[in-house]
Amino acid sequence: MPQHKKYKTILADPPWDVQQRGNYGAVHHYDLMSLDKIKALPIKELVEDNAHCWLWVTNGTLRLGFEVLEAWGFTPRSVFTWVKPRYTLGVYLRNATEHMLFGTRGKAPVRFNGQGTWGFFPLQEHSHKPEEQFAIIERVSPGPYLELFARRKQPGWDVWGNEVRHPWLSCAGLTGHQKDNERGRP
Ligand SMILES: C[S@@+](CC[C@H](N)C(=O)[O-])C[C@H]1O[C@@H](n2cnc3c(N)ncnc32)[C@H](O)[C@@H]1O
(Lines give C-alpha, C1' and ligand atoms only; values in the text may rest on other atoms or scores of the structure.)
Protein backbone atom coordinates (compact mmCIF):
# COMPACT_ATOMS: atom_id res chain seq x y z
CA MET A 1 0.00 0.00 0.00
CA PRO A 2 1.64 3.29 -1.04
CA GLN A 3 1.99 6.03 1.54
CA HIS A 4 -0.26 8.98 0.98
CA LYS A 5 -1.12 12.19 2.69
CA LYS A 6 -3.39 11.99 5.71
CA TYR A 7 -5.87 14.66 6.69
CA LYS A 8 -6.98 16.02 10.01
CA THR A 9 -10.22 17.37 8.63
CA ILE A 10 -12.56 16.12 5.91
CA LEU A 11 -15.53 17.93 4.42
CA ALA A 12 -17.88 15.85 2.27
CA ASP A 13 -21.02 16.74 0.32
CA PRO A 14 -22.09 13.37 -1.11
CA PRO A 15 -24.42 12.99 -4.11
CA TRP A 16 -27.14 11.27 -2.03
CA ASP A 17 -29.60 9.29 -4.15
CA VAL A 18 -32.51 9.77 -1.73
CA GLN A 19 -35.52 11.82 -2.95
CA GLN A 20 -33.40 13.08 -5.88
CA ARG A 21 -34.84 11.29 -8.91
CA GLY A 22 -37.97 13.38 -9.49
CA ASN A 23 -38.43 16.11 -12.13
CA TYR A 24 -36.43 18.63 -10.11
CA GLY A 25 -34.06 16.19 -8.41
CA ALA A 26 -30.28 16.34 -8.26
CA VAL A 27 -30.15 13.50 -10.81
CA HIS A 28 -30.60 16.19 -13.47
CA HIS A 29 -27.49 18.02 -12.21
CA TYR A 30 -24.92 15.36 -11.34
CA ASP A 31 -24.31 11.62 -10.85
CA LEU A 32 -25.87 10.12 -7.72
CA MET A 33 -24.27 7.56 -5.40
CA SER A 34 -25.88 4.84 -3.29
CA LEU A 35 -25.61 4.79 0.50
CA ASP A 36 -23.53 1.60 0.38
CA LYS A 37 -21.00 3.19 -1.98
CA ILE A 38 -20.73 6.33 0.11
CA LYS A 39 -20.19 4.24 3.24
CA ALA A 40 -17.55 2.15 1.45
CA LEU A 41 -15.32 5.11 0.52
CA PRO A 42 -11.83 4.51 1.98
CA ILE A 43 -12.00 7.43 4.38
CA LYS A 44 -10.22 5.64 7.22
CA GLU A 45 -7.13 5.40 4.99
CA LEU A 46 -7.19 9.13 4.38
CA VAL A 47 -7.54 10.54 7.86
CA GLU A 48 -5.31 10.83 10.88
CA ASP A 49 -6.22 8.85 14.00
CA ASN A 50 -7.30 12.14 15.54
CA ALA A 51 -9.53 13.89 13.03
CA HIS A 52 -12.70 15.82 12.29
CA CYS A 53 -15.39 15.21 9.66
CA TRP A 54 -18.06 17.61 8.39
CA LEU A 55 -20.73 15.83 6.36
CA TRP A 56 -23.49 17.62 4.43
CA VAL A 57 -26.93 16.05 4.62
CA THR A 58 -30.35 17.04 3.38
CA ASN A 59 -33.39 16.80 5.63
CA GLY A 60 -34.20 13.50 3.93
CA THR A 61 -30.73 12.01 4.57
CA LEU A 62 -30.17 13.09 8.18
CA ARG A 63 -30.41 9.54 9.54
CA LEU A 64 -28.23 8.14 6.74
CA GLY A 65 -25.66 10.81 7.45
CA PHE A 66 -25.16 9.52 10.98
CA GLU A 67 -24.71 6.02 9.52
CA VAL A 68 -22.08 7.30 7.10
CA LEU A 69 -20.17 9.20 9.79
CA GLU A 70 -19.99 6.04 11.86
CA ALA A 71 -19.04 3.86 8.88
CA TRP A 72 -16.17 6.27 8.21
CA GLY A 73 -14.97 5.89 11.82
CA PHE A 74 -16.31 9.13 13.31
CA THR A 75 -18.49 9.70 16.36
CA PRO A 76 -21.30 12.19 15.70
CA ARG A 77 -20.88 15.20 17.99
CA SER A 78 -23.00 18.08 16.74
CA VAL A 79 -24.96 19.51 13.80
CA PHE A 80 -24.53 22.82 11.99
CA THR A 81 -27.65 24.00 10.12
CA TRP A 82 -27.62 26.24 7.06
CA VAL A 83 -30.80 28.32 7.15
CA LYS A 84 -31.74 29.42 3.62
CA PRO A 85 -33.42 32.72 2.76
CA ARG A 86 -36.43 31.02 1.13
CA TYR A 87 -38.23 27.72 0.82
CA THR A 88 -36.89 25.47 -1.93
CA LEU A 89 -38.53 22.23 -3.09
CA GLY A 90 -39.15 19.06 -1.12
CA VAL A 91 -40.92 15.72 -1.50
CA TYR A 92 -42.65 15.93 1.92
CA LEU A 93 -41.96 19.38 3.40
CA ARG A 94 -40.42 22.30 1.55
CA ASN A 95 -36.77 22.49 2.48
CA ALA A 96 -35.28 25.70 3.79
CA THR A 97 -32.37 24.08 5.61
CA GLU A 98 -29.45 21.72 5.05
CA HIS A 99 -27.07 20.45 7.69
CA MET A 100 -23.43 19.58 8.25
CA LEU A 101 -23.05 16.72 10.71
CA PHE A 102 -19.89 17.17 12.75
CA GLY A 103 -18.01 14.09 13.92
CA THR A 104 -14.68 13.38 15.57
CA ARG A 105 -12.37 10.41 15.87
CA GLY A 106 -9.64 9.85 18.43
CA LYS A 107 -8.56 12.82 20.51
CA ALA A 108 -9.72 15.75 18.44
CA PRO A 109 -10.89 18.74 20.44
CA VAL A 110 -12.25 21.80 18.62
CA ARG A 111 -9.87 24.72 18.08
CA PHE A 112 -12.58 27.31 18.83
CA ASN A 113 -15.46 26.72 21.20
CA GLY A 114 -17.59 29.74 20.30
CA GLN A 115 -19.02 28.38 17.05
CA GLY A 116 -22.85 28.34 16.94
CA THR A 117 -24.99 25.62 15.39
CA TRP A 118 -26.66 27.60 12.60
CA GLY A 119 -25.97 30.22 9.96
CA PHE A 120 -28.16 32.22 7.56
CA PHE A 121 -26.44 32.27 4.18
CA PRO A 122 -27.57 33.00 0.58
CA LEU A 123 -28.50 30.42 -1.99
CA GLN A 124 -26.32 30.04 -5.07
CA GLU A 125 -26.74 27.65 -8.00
CA HIS A 126 -28.07 24.12 -7.44
CA SER A 127 -26.42 22.36 -4.47
CA HIS A 128 -23.63 24.98 -4.14
CA LYS A 129 -22.88 25.18 -0.44
CA PRO A 130 -22.18 28.50 1.30
CA GLU A 131 -18.61 29.78 1.05
CA GLU A 132 -18.85 30.53 4.77
CA GLN A 133 -18.49 26.80 5.44
CA PHE A 134 -14.73 27.06 4.95
CA ALA A 135 -14.23 29.86 7.49
CA ILE A 136 -16.34 27.96 10.01
CA ILE A 137 -14.48 24.70 9.49
CA GLU A 138 -11.04 26.31 9.52
CA ARG A 139 -11.86 28.06 12.82
CA VAL A 140 -13.06 24.88 14.49
CA SER A 141 -10.95 22.14 12.89
CA PRO A 142 -7.23 21.65 12.20
CA GLY A 143 -5.64 21.18 8.77
CA PRO A 144 -4.60 19.58 6.54
CA TYR A 145 -8.01 19.76 4.89
CA LEU A 146 -9.63 17.56 2.21
CA GLU A 147 -12.96 18.26 0.50
CA LEU A 148 -14.71 15.24 -1.03
CA PHE A 149 -17.24 15.67 -3.84
CA ALA A 150 -15.87 19.16 -4.37
CA ARG A 151 -16.74 21.22 -7.43
CA ARG A 152 -14.00 23.81 -7.21
CA LYS A 153 -10.58 24.22 -5.63
CA GLN A 154 -10.59 26.03 -2.32
CA PRO A 155 -7.28 27.71 -1.34
CA GLY A 156 -5.50 25.65 1.32
CA TRP A 157 -7.60 22.56 0.65
CA ASP A 158 -7.05 19.37 -1.36
CA VAL A 159 -10.12 18.48 -3.36
CA TRP A 160 -11.62 15.40 -4.98
CA GLY A 161 -14.74 15.06 -7.11
CA ASN A 162 -15.69 14.27 -10.68
CA GLU A 163 -16.50 17.90 -11.52
CA VAL A 164 -13.27 19.52 -10.33
CA ARG A 165 -10.93 20.41 -13.12
CA HIS A 166 -7.76 19.21 -11.42
CA PRO A 167 -8.77 16.77 -8.70
CA TRP A 168 -6.11 15.47 -6.42
CA LEU A 169 -5.88 12.09 -8.07
CA SER A 170 -3.16 10.53 -5.95
CA CYS A 171 -5.77 10.16 -3.22
CA ALA A 172 -5.36 6.40 -2.80
CA GLY A 173 -8.50 4.40 -3.23
CA LEU A 174 -10.61 7.30 -4.44
CA THR A 175 -9.58 7.45 -8.08
CA GLY A 176 -11.66 4.40 -9.00
CA HIS A 177 -14.80 5.92 -7.58
CA GLN A 178 -14.51 8.77 -10.03
CA LYS A 179 -15.39 6.40 -12.84
CA ASP A 180 -18.33 4.99 -10.96
CA ASN A 181 -21.02 6.76 -12.91
CA GLU A 182 -24.46 5.83 -11.68
CA ARG A 183 -26.45 8.41 -13.65
CA GLY A 184 -29.58 6.98 -15.22
CA ARG A 185 -29.78 3.90 -13.07
CA PRO A 186 -33.28 3.09 -11.75
C1 LIG B 1 -23.85 17.65 -3.81
S2 LIG B 1 -22.71 17.88 -5.11
C3 LIG B 1 -21.40 18.78 -4.36
C4 LIG B 1 -21.64 20.26 -4.40
C5 LIG B 1 -20.49 21.09 -3.86
N6 LIG B 1 -20.28 20.84 -2.45
C7 LIG B 1 -20.73 22.56 -4.09
O8 LIG B 1 -20.81 23.32 -3.11
O9 LIG B 1 -20.84 22.96 -5.25
C10 LIG B 1 -22.01 16.27 -5.28
C11 LIG B 1 -20.86 16.17 -6.25
O12 LIG B 1 -20.39 14.82 -6.27
C13 LIG B 1 -20.02 14.51 -7.61
N14 LIG B 1 -19.99 13.05 -7.82
C15 LIG B 1 -21.04 12.24 -8.12
N16 LIG B 1 -20.62 10.96 -8.26
C17 LIG B 1 -19.28 10.97 -8.05
C18 LIG B 1 -18.29 9.96 -8.06
N19 LIG B 1 -18.57 8.67 -8.32
N20 LIG B 1 -17.01 10.33 -7.82
C21 LIG B 1 -16.70 11.62 -7.57
N22 LIG B 1 -17.60 12.62 -7.54
C23 LIG B 1 -18.88 12.31 -7.76
C24 LIG B 1 -21.09 15.21 -8.43
O25 LIG B 1 -20.72 15.34 -9.79
C26 LIG B 1 -21.19 16.54 -7.68
O27 LIG B 1 -20.22 17.43 -8.15
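For this structure, a couple of remarks:
- If you go through the stretch 11-34 and keep only what is away from the ligand (no atom under 13 Å from the Cβ) and touching a Leu at 6+ places or on another chain (Cβ under 9 Å), you end up with Arg21, Gly22, Tyr24.
- Residue match in the stretch 147-169 (condition: of a type in the set (S, T, N, Q) and at pLDDT 95 or above): no
- Yes/no for Lys107 being closer than 23 Å to Val140 by Cβ, away from the ligand (no atom under 16 Å from the Cβ) and in a loop (DSSP other than H, G, I, E, B): yes
- Look at the stretch 26-38: where a residue is of a type in the set (Phe, Trp, Tyr), no partner that is more than 10 Å from the ligand (Cβ to nearest atom) sits 6+ places away or on another chain with Cβ atoms under 7 Å.
- For Tyr92, the conditions (1) modelled with pLDDT of 95 or more; (2) over 19 Å from Gly143 (Cα atoms) are fulfilled apart from (1).
- Verdict on Ala172 being assigned to a loop (DSSP other than H, G, I, E, B) and either more than 9 Å from the ligand (Cβ to nearest atom) or modelled with pLDDT under 95 (or both): yes
- Some residue of the stretch 112-126 being surrounded by 11 or more Cβ atoms within 10 Å (Cβ to Cβ), at pLDDT below 95 and more than 21 Å from His52 (Cα to Cα): yes
- Any hit, the stretch 71-81, residues being out of contact with any helix residue (DSSP H, G or I) (no Cβ under 8 Å at 6 or more places or on another chain) and within 12 Å of the ligand (Cβ to nearest atom): no
The values are calculated or read from the model by the stated rules, or taken from the named source; none is laboratory data. Keep in mind that what you see is a predicted model, and the values were worked out from it rather than measured. We place every Cβ from the backbone using ideal geometry, glycine too, and count neighbours over all the protein chains shown.
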